[in-house]
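Just below is one structure, and these are the notes that go with it.
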Amino acid sequence: MSESVKIVEVGPRDGLQNERGEVPTAVKVELIERLADAGLPVVEATAFVSPKWVPQMADHAEVLQRIRRKPGVSYPVLTPNLQGFEAARAAGATEVAVFGAASEAFSRKNINCSIAESLERFHPIVMQSRKHGLKVRGYVSCVLGCPYQGEVKPAEVAAVAGALFDMGCYEISLGDTIGVGTPGRTRAMLEACARRIPLGKLAGHYHDTYGQALANIYASLEMGVTTFDASVAGLGGCPYAAGASGNVATEDVVYLLNGMGIETGVDLERLVEIGQWICAILKRESSSKASRALAAKRRH
């Protein structure tokens, strides 16, 4: 296993976009800054999507322009189309992300087009990013199962991930969107992807719907994956499973890695405080077991 792991913090985007009540721009900005100050090397800031579809991200340009950028930290933003990319570039983005799916049914339901059509849409974004010196990260959703078609074959995941990599994405994040994956299926999926893409260019993005996210991260570590997406306090529910938790909590991932002697550069105590702070604002409980345990320990 690697001696160090990079954690990509997705709470401010993937986490907050599922919140029903409007989160003030100032809170989003403070959350991003505090996460960077806690040692997270990548903090996904916002999404340049239509406010009609994702009202929570309507202040994307203001968020990106207002954050105090810490040297050495990346602040990627989601750009599903060229219009979103141009708006992100105008707001000062230095890294963007495109979002595909390994499931044909999910692609049609989620972004109203086939997988092939979605990849065609990403070509001009990647071309323009290269022209202007921006990095592009690729996301693949439903890598271990789909809410509409059920099983997704490893070869289908590898085909989409490979297309994004060949296109010019420097890293491919493999998302278990509905959190149904188990370690065995995770290994099979990663083995298929590793035949197309170097393992060092892959990232794990595991949802905790069935409580399997940490087990899937451990299986991925054994395979040689060294980058994982996580969300502070486990922000972000799963819209395809009523009442289910979504993203794996960053605190739980850091606690696991600390216990294995794997370096992340993240201050766990500060991270717990940030999770408690944002949950108090959102009037919700933290989904992080490590955070709840450490906070309770501190009170006694």
Check: Hey, any idea what the orientation-averaged projected area of the convex hull of region 118-230's Cα atoms comes to, in nm²?
Finding: 6.7 nm²
Item checked: Long-range HN-HN contacts of ASP229 with modeled amide H, under 5 Å -> VAL8, GLY204, HIS205, TYR206
Item checked: Relative contact order (%) - criterion: Cα under 8 Å, at least six apart; region: region 35-85 -> 48 percent
Check: Between ARG69 and ASP166, what FRET efficiency comes out of the Förster formula 1/(1 + (r/R0)^6) with R0 = 30 Å and r the beta carbon distance, rounded to 0.05?
Finding: 0.45
Checklist line | Computed label-point distance, nm, for sites LYS289 and THR25 using a 7 Å Cα→Cβ extension | finding: 4.0 nm
Note to self: Classify region 231-300 from the C-alpha gyration tensor, please: rounded if a/c falls under 1.5, else prolate or oblate depending on whether a/b exceeds b/c.
What the structure shows: oblate
Next item on the list: Taking only protein heavy atoms into account and a 1.4 Å probe, give the accessible area per residue of the chain in Å².
Entry: 42 Å²
Next item on the list: Determine, for each peptide in 13-23, 98-108, the mean count of other beta carbons within 10 angstrom over its residues, then list the peptides with the highest first.
Entry: 98-108, 13-23
Note to self: Using a Gaussian network model on the chain with a 10 Å cutoff between Cα atoms, which of ALA93, ALA249, ALA233 fluctuates the most?
What the structure shows: ALA93
Check: Which whole-number percent is the relative contact order of region 33-143 (Cα, under 8 Å, 6+ apart)?
Finding: 24 percent
Notebook entry, point to check: What spacing in nm lies between the two simple spin-label points modelled at GLU151 and GLU269, each 7 Å away from Cα in the Cβ direction?
Noted result: 5.0 nm
Margin query: Can you give me the solvent accessible area of TYR148 with a 1.4 Å probe, rounded to the nearest 10 Å²?
Written below: 100 Å²
Next item on the list: Would you indicate which of (i) 21.6; (ii) 23.5; (iii) 18.9 is the value of Kirkwood radius over Cα pairs in Å derived from the coordinates of this structure?
Entry: (iii)
Next item on the list: Grab the DSSP H runs of the chain that are 4 residues or longer, score each as -39,500 (n - 2.57), total them, divide by all residues and round the 222 nm result to the nearest 500 deg cm²/dmol.
Entry: -13000 deg cm²/dmol
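Report, to the nearest whole %, how much of the accessible area of the chain belongs to carbon and sulfur atoms, 1.4 Å probe, protein only.
Using a 1.4 Å probe with all protein chains present, the chain comes out at 51 percent carbon and sulfur.
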Checklist line | Greater than 18 Å apart at Cα, pairs in LYS6/LYS70; LYS109/LYS201; LYS135/LYS201 | finding: LYS109/LYS201
Check: Can you list the residues, at least 5 places off or on another chain, whose amide H is less than 5 Å from the amide H of TYR139, using H built in the peptide plane?
Finding: VAL98, PHE99, GLY100, SER173
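Largest first, what is the accessible-area ranking of TRP53, TRP277 with a 1.4 Å probe?
TRP53, TRP277
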Next item on the list: Obtain the radius of gyration and the Kirkwood radius of region 1-133 from its C-alpha atoms and give Rg over Rh.
Entry: 0.98
Next item on the list: Treat each spin label as a single point 7 Å out from the Cα along the C-beta direction, and report the ARG108 to LYS131 distance in nm.
Entry: 3.3 nm
Next item on the list: Using a 1.4 Å probe and ignoring any ligands, DNA or RNA, find the accessible area of GLU222 and quote it in Å² to the nearest 10.
Entry: 100 Å²
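The values are calculated or read from the model by the stated rules, or taken from the named source; none is laboratory data. Keep in mind it's a predicted model, so treat the numbers as computed, not measured. Backbone-built Cβ (ideal geometry, glycine too); neighbour counts: all protein chains shown. These area figures cover heavy atoms from the full protein model, side chains too; ligands, DNA and RNA do not enter into them. Shrake-Rupley method; radii C 1.70, N 1.55, O 1.52, S 1.80 Å.
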